[in-house]
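One structure is given here, and the rest of the page talks about it.
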Ligand SMILES: Nc1ncnc2c1ncn2[C@@H]1O[C@H](COP(=O)(O)OP(=O)(O)OP(=O)(O)O)[C@@H](O)[C@H]1O
Ligand SMILES: [Mg+2]
């Protein structure tokens, strides 16, 4: 393999240097897995615009930089950076990862019902690696498979949430990933596993953030396996640092009767992509993918979803709303695949965008691929500006223009946030939306 | 309080107002009548400061200040209120929160203390009662799903809460049933006082039976073609706008 010229090459060299230090290094299956993954990454290379699913997102700003391994040196920035992500008074089980590694001193897992395990990947690889082995190395069809492979090669830590049959977890699991590195661009490759056995239920909230203006790269892979009749609510807040790159791939495998509800709010980073691939492997699955993206300045934000209905009677609902300001560029690519066997599928997708400036840009691309005949599938996409009549109406009541704009923007995304079932997560997301607005809306701040 | 002098205004490049003169003193109620498309709402929007409504000649002074130099929100804080002919639906914005913010920015601007949630609710309930409205209505999103009559009532309710110095009511009586008309008229009359002026745009005499105007102006093709006392409205009701054709010659301001 001659890889000297490709952007992937430095990572092969890096892998050779760090592989002996990665967790689970004594496990031969893992060693083989990592070796195979790095080779796969090098042969695939970074995704390019030639790949349909990456048509509107160029990774060239990312591939121009070589991201080194993240330093694990403590610099005291984590505690401060953590604060705004915390859920406040409400009980939750919290795992904090700083620069890709679990920080037990900042984490807190309360008492858990029987059959529930919440731990770090590194710890699990030490304690019970045999439980993890079956969950790695399956065939990967995701659009970002090269980056999944890179993640597999380098993954050092992440969260493992395991729910035994029928286990119901009340308080949400909060996973916080914080980047605090200084001195050179660093990459983190967190790997999360959510394993829900039949009839179990839980809410999981991932938060991503950075301290400072350093450039770094979060390349995270989250695998969700929902057994029969399991119910998983999966939330995510992407509020990375201004110079950060964030590539996230979530793969959800959903068995009969299970329900999976995802809500992703993206607002940070210089270039980010949130990819979700949900496979409805059983009958009667209920899958809901929702989200909000807030982009401004020169941010690039890509949302890419793929819902594959493999079996009959599945329901999927998808609503993503975007607010795009400045010279930001947002991308929504929503693919729905209905396999020949998946009769009585009911799928609906909607993408709505609010463009706040003339140079703001959205590329939205729905894609339906239907191989069954007795199905209900629909999609819609639109982009518009703030309603000037509503703006005027609010101003005639004395509200400043900025304030009126904030109210209308907030109203546009509010219905999405209101739909977040878990109260602690909902109020946390509301706070982040408010912080994004030009002025604090709805009088909370002013009165 | 309000001096409209030789006002010419353009909307989207089209000349709509062609020389309007009206002078309203504190405590007075003036009515404006006129056929569809004569420019009544245009005048109301010019007063409120809507974008795209450009004054090409003449001026409007509010308490001596040139309105053209003020943003819509400044005019509102100074005390100008427009009840819209077609109130705008704003999904996702709670009527209650919005009105509380509006009241508080205005109070702050006037050097008054802001109201907290409880004080505001007390005030709002009092005004809701005046307009015979259900509290549920303002807990919903602004005007969303309101019936035509509810929208009009809600405009007067907002006016009652905000207590403007000058109220411009654009066809607030249209779409109201007979009982609602009485309630709204009563609401308007309650707000009538020596410090407040009102400009009531209407097509019908029936509102003016309850809210007796000091002066009535007739607008046609962007000009005031007749001005007079409250009898003018009765005469119009009787004869229709056709009477203007003969009256055009002695148009007065
Ligand atoms: N944006 C616009 N561009 C061009 N012409 C406009 C615009 N808005 C209003 N007009 C025109 O201005 C004229 C006056 O309209 P206006 O709404 O002021 O009438 P009005 O007297 O309020 O009528 P009504 O009794 O039906 O409410 C109309 O001929 C209308 O078509
Ligand atoms: Mg009108």
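The values are calculated or read from the model by the stated rules, or taken from the named source; none is laboratory data. Treat the numbers as computed from the prediction; the structure is a model and nothing was measured. A quick note on method: Cβ atoms are made from the backbone with ideal geometry, for glycine too, and the neighbour counts reach across all protein chains shown.
Which residue, of B:188, B:138, is away from ligand 1 (no atom under 16 Å from the Cβ), in a helix (DSSP H, G or I) and modelled with pLDDT under 90?
Exactly one residue qualifies, and that residue is B:138.
Going by the structure shown, is residue B:163 within 24 Å of residue B:112 (Cβ to Cβ), within 16 Å of ligand 1 (Cβ to nearest atom) and within 14 Å of chain A (Cβ to nearest Cβ)?
Here the answer is no, as residue B:163 does not meet what is asked.
For the range B:77-95, which residues satisfy the criterion of being in a helix (DSSP H, G or I) and either closer than 15 Å to residue B:156 by Cα or within 16 Å of ligand 2 (Cβ to nearest atom) (or both)?
B:95
Scan A:344, A:311 and give me the residue that is on the phi > 0 side of the Ramachandran plot and assigned to a loop (DSSP other than H, G, I, E, B).
A:344
Scan the helices (runs of 4 or more DSSP H) fully inside the range A:99-157 and keep the ones with 1 or more residues being closer than 30 Å to residue A:333 by Cα.
The qualifying helices (runs of 4 or more DSSP H) are A:145-154.
Filter the range B:90-120 for residues that are in contact with a strand residue (DSSP E or B) (Cβ under 7 Å, 6 or more places away or on another chain) and facing another protein chain (nearest Cβ under 8 Å) and give the result.
Result: B:90, B:91, B:92, B:93, B:94, B:98.
Residues checked against (1) surrounded by 18 or more Cβ atoms within 10 Å (Cβ to Cβ); (2) within 14 Å of chain B (Cβ to nearest Cβ):
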position: A:364; (1), (2): yes, no
position: A:372; (1), (2): no, no
position: A:385; (1), (2): no, yes
position: A:391; (1), (2): yes, yes
position: A:401; (1), (2): no, yes
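Go through the range B:61-93 and count every residue that is away from ligand 1 (no atom under 16 Å from the Cβ) and either surrounded by fewer than 19 Cβ atoms within 10 Å (Cβ to Cβ) or over 17 Å from residue B:162 (Cβ atoms) (or both).
Of the residues in the range B:61-93, 14 are away from ligand 1 (no atom under 16 Å from the Cβ) and either surrounded by fewer than 19 Cβ atoms within 10 Å (Cβ to Cβ) or over 17 Å from residue B:162 (Cβ atoms) (or both).
Just to verify a result, which residue in the range B:39-60, among those that are near ligand 1 (Cβ under 9 Å from one of its atoms) and within 17 Å of residue B:164 (Cα to Cα), is nearest to the other protein chains (Cβ to nearest Cβ)?
The extreme case among them is B:45.
Here's the yes/no breakdown for (1) within 14 Å of another protein chain (Cβ to nearest Cβ); (2) at pLDDT 90 or above; (3) away from ligand 1 (no atom under 15 Å from the Cβ):
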{"site": "B:150", "(1), (2), (3)": "no, yes, yes"}
{"site": "B:197", "(1), (2), (3)": "no, yes, yes"}
{"site": "B:211", "(1), (2), (3)": "no, yes, yes"}
{"site": "B:214", "(1), (2), (3)": "no, yes, yes"}
{"site": "B:220", "(1), (2), (3)": "no, yes, no"}
{"site": "B:231", "(1), (2), (3)": "no, no, yes"}
{"site": "B:235", "(1), (2), (3)": "no, no, yes"}
{"site": "B:252", "(1), (2), (3)": "no, no, yes"}
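Considering only the range A:347-376, how many residues are closer than 21 Å to residue A:438 by Cα and assigned to a loop (DSSP other than H, G, I, E, B)?
So the answer is 5.
Sort out which residues of the range B:186-204 are buried (at least 21 other Cβ atoms within 10 Å of the Cβ) and closer than 14 Å to residue B:131 by Cα, and write them in order of number.
Hits for the range B:186-204 are B:187, B:188.
Within the range B:1-59, which strands (runs of 3 or more DSSP E) (wholly inside it) include 3 or more residues that are within 16 Å of ligand 2 (Cβ to nearest atom)?
B:14-24, B:29-33
Can you confirm whether the range A:410-418 contains a residue that is outside any loop (DSSP other than H, G, I, E, B), facing chain B (nearest Cβ under 7 Å), in contact with a strand residue (DSSP E or B) (Cβ under 8 Å, 6 or more places away or on another chain) and farther than 30 Å from residue A:232 by Cα?
Looking through the range A:410-418, none of the residues is outside any loop (DSSP other than H, G, I, E, B), facing chain B (nearest Cβ under 7 Å), in contact with a strand residue (DSSP E or B) (Cβ under 8 Å, 6 or more places away or on another chain) and farther than 30 Å from residue A:232 by Cα.
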